[in-house]
Amino acid sequence: MLSFFSNQIDRQKDVSNEEKTLTDLEKSDGSHFPGDDYRPSDRKNWMAGLTLEKLTLNKIVWPGTHDSATNDIGIPLISRPLAECQTLSIYEQLVLGTRVLDIRVQEDRQICHGILTSYDVDVVIDDVIRFLSETHSEIVILEIRTEFGHKDPPEFETYLADKLGQFLIHQDDNLFNKPVSEILPKRVICIWKPRESPKPSRGGLLWNSDYLKDNWIDTDLPWTKFQSNLKHLSEQQPISSRKFFYRVENTVTPQADNPVVWVKPVTDRIRKHARLFISQCISKGYGDKLQILSTDFIEGDFVDACVGLTHARIEGKI
């Protein structure tokens, strides 16, 4: 019993020390980067507010959400705090400026996070379509995957093609260097990641898992995750030669051996340091590699940081 409590105290010390390391780094190095003072006048239409003829697909710094459809998951005040990574609906996230969605499904097409479920995936698709109907130049990356430990929904590729067909941007390696003005009016890059079913074919309506990559590590230690994100990003090709999307998740994950297991207080350890991460990318020479940056509990300032760096890119400041 004494060793258990000793381990818990040590784990909390590790967390505190890593939080302090990030805070000290921000104090010493700052969190400035080209475009850090840019604020879109309308987050709902932030792509439209940029120069679409200059805004190539690979120059966008895409603001994304992690476990995007968990706002109604589980039982309030009981299981929900263990799995809720967003409090906003999909529509509200898109209006705020989110452009990459991370959706997890199970066999019956319910949204899930582990064993907990929320609503049917139709709610997600309807929210995306509603947002697209109210805007004209915003492109969304919609990643849908079968959650770990679950079976694929039957005929799900057909379902997605039928629901989103008019908006879908067909898979094409040549699109990465194209400006948004030439890709419109198509608006959705839909990446379908089944666990057992065949993955979408190249050149089809849907994109497969080869086109969205990341290096996720399971930790609740913020400095450990921050360093891992920088290391893996440094190993990527520059966006100018990359034929896939690469995602960095500015998140940490509750661990069973730590007394704090609710998502919000754990992920807040790193969530507030998104601008510091961008600044460190620039100062270390990785500014031409950052592409998708995702977060839990997305806020406007996170969107502004991504849009600001995007604006700096198309203005030739990076």
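For residue 232, indicate whether it is touching a strand residue (DSSP E or B) at 6+ places or on another chain (Cβ under 9 Å), of a type outside the set (D, E, K, R), part of a helix (DSSP H, G or I) and open to solvent by 10 Å² or more (accessible area, probe 1.4 Å). Write out each step before concluding.
Values: touching a strand residue (DSSP E or B) at 6+ places or on another chain (Cβ under 9 Å): yes; of a type outside the set (D, E, K, R): yes; part of a helix (DSSP H, G or I): yes; open to solvent by 10 Å² or more (accessible area, probe 1.4 Å): yes.
Spelling it out, residue 232 is indeed touching a strand residue (DSSP E or B) at 6+ places or on another chain (Cβ under 9 Å), of a type outside the set (D, E, K, R), part of a helix (DSSP H, G or I) and open to solvent by 10 Å² or more (accessible area, probe 1.4 Å).
The rows are residues; the columns are (1) under 20 Å from the mean Cα position of the chain (by Cα); (2) within 28 Å of residue 268 (Cα to Cα); (3) modelled with pLDDT under 95.
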site	(1), (2), (3)
94	yes, yes, no
107	no, no, no
135	no, no, no
145	yes, yes, no
155	no, no, no
168	yes, no, no
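Restricting to the stretch 118-172, name every residue that is aromatic (Phe, Trp, Tyr) and over 21 Å from residue 244 (Cα atoms).
Here is the first cut: in the stretch 118-172, the residues aromatic (Phe, Trp, Tyr) are 119, 131, 148, 156, 159, 167.
Within the stretch 118-172, 119, 131, 148, 156, 159 qualify.
If you scan the stretch 264-316, which residues turn out to be assigned to a helix (DSSP H, G or I), touching a Ser or Thr at 6+ places or on another chain (Cβ under 7 Å), open to solvent by 10 Å² or more (accessible area, probe 1.4 Å) and more than 22 Å from residue 29 (Cα to Cα)?
Once the filter is applied, which keeps residues that are assigned to a helix (DSSP H, G or I), touching a Ser or Thr at 6+ places or on another chain (Cβ under 7 Å), open to solvent by 10 Å² or more (accessible area, probe 1.4 Å) and more than 22 Å from residue 29 (Cα to Cα), the stretch 264-316 yields only 314.
Scan the stretch 135-159 and report the pairs whose first residue is in contact (Cβ under 8 Å) with a residue 60 or more places away in the chain and farther than 12 Å from residue 192 by Cβ and whose second residue is open to solvent by 20 Å² or more (accessible area, probe 1.4 Å) and of a type in the set (S, T, N, Q), with Cβ atoms within less than 9 Å and a gap of 6+ or a chain change.
Cβ pairs passing all conditions: 135/45; 136/45; 137/45; 137/181; 138/45.
Identify, please: which residue in the stretch 205-229 is part of a helix (DSSP H, G or I) and within 18 Å of residue 273 (Cβ to Cβ) and is, among those, nearest to the chain's Cα centre (by Cα)? Outline the logic, then answer.
Step one: list which residues in the stretch 205-229 are part of a helix (DSSP H, G or I), which gives 209-211, 222-229.
With within 18 Å of residue 273 (Cβ to Cβ) added as a condition, the list becomes 222-229.
Details: 222: 17, 223: 19, 224: 19, 225: 15, 226: 15, 227: 18, 228: 16, 229: 13 Å.
The qualifying residue nearest to the chain's Cα centre (by Cα) is 229.
Which pairs turn up if I take residues in the stretch 70-98 that are open to solvent by 20 Å² or more (accessible area, probe 1.4 Å) and look for partners that are among the aromatic types (Phe, Trp, Tyr) with beta carbon separation below 7 Å, at least 6 apart in sequence or on another chain?
Pairs that qualify, where the first residue is open to solvent by 20 Å² or more (accessible area, probe 1.4 Å) and the partner is among the aromatic types (Phe, Trp, Tyr), are 72/119; 81/262; 82/262; 87/297; 91/131; 95/131.
Does residue 183 satisfy being crowded, with 20+ Cβ neighbours inside 10 Å and modelled with pLDDT of 95 or more? Please lay out each step first, then the result.
Working: crowded, with 20+ Cβ neighbours inside 10 Å: no; modelled with pLDDT of 95 or more: yes.
Here the answer is no, as residue 183 does not meet what is asked.
Quick one: count up the residues across the stretch 235-261 that are touching a Lys or Arg at 6+ places or on another chain (Cβ under 8 Å) and assigned to a helix (DSSP H, G or I).
Residues flagged as touching a Lys or Arg at 6+ places or on another chain (Cβ under 8 Å) and assigned to a helix (DSSP H, G or I) within the stretch 235-261 amount to 1.
Kindly list the number of the only condition in (1) open to solvent by less than 70 Å² (accessible area, probe 1.4 Å); (2) of a type outside the set (Ser, Thr, Tyr); (3) within 30 Å of residue 316 (Cβ to Cβ) that fails for residue 19.
(3)
Consider the stretch 120-171. How many of its residues are touching a helix residue (DSSP H, G or I) at 6+ places or on another chain (Cβ under 6 Å) and either among the charged types (D, E, K, R) or open to solvent by 70 Å² or more (accessible area, probe 1.4 Å) (or both)?
3
Which residue is least open to solvent (accessible area, probe 1.4 Å), if the candidates are limited to the stretch 109-119 and must be touching a residue at least 40 places away in the same chain (Cβ under 8 Å) and within 18 Å of the chain's Cα centre (by Cα)? Break it down into steps so the answer makes sense when it comes.
Initially, the stretch 109-119 is screened for residues touching a residue at least 40 places away in the same chain (Cβ under 8 Å), giving 109, 111, 113, 116-119.
Filter once more, so that each one left must be within 18 Å of the chain's Cα centre (by Cα): 111, 113.
Values: 111: 3, 113: 47 Å².
Selected residue: 111.
The values are calculated or read from the model by the stated rules, or taken from the named source; none is laboratory data. Given the structure is predicted, the values throughout are model-derived calculations rather than measurements. Virtual Cβ from ideal backbone geometry, glycine too; neighbours counted across all protein chains shown. Calculation scope for accessible area: heavy atoms of the full protein, side chains included, ligands and nucleic acids excluded. Shrake-Rupley method; radii C 1.70, N 1.55, O 1.52, S 1.80 Å.
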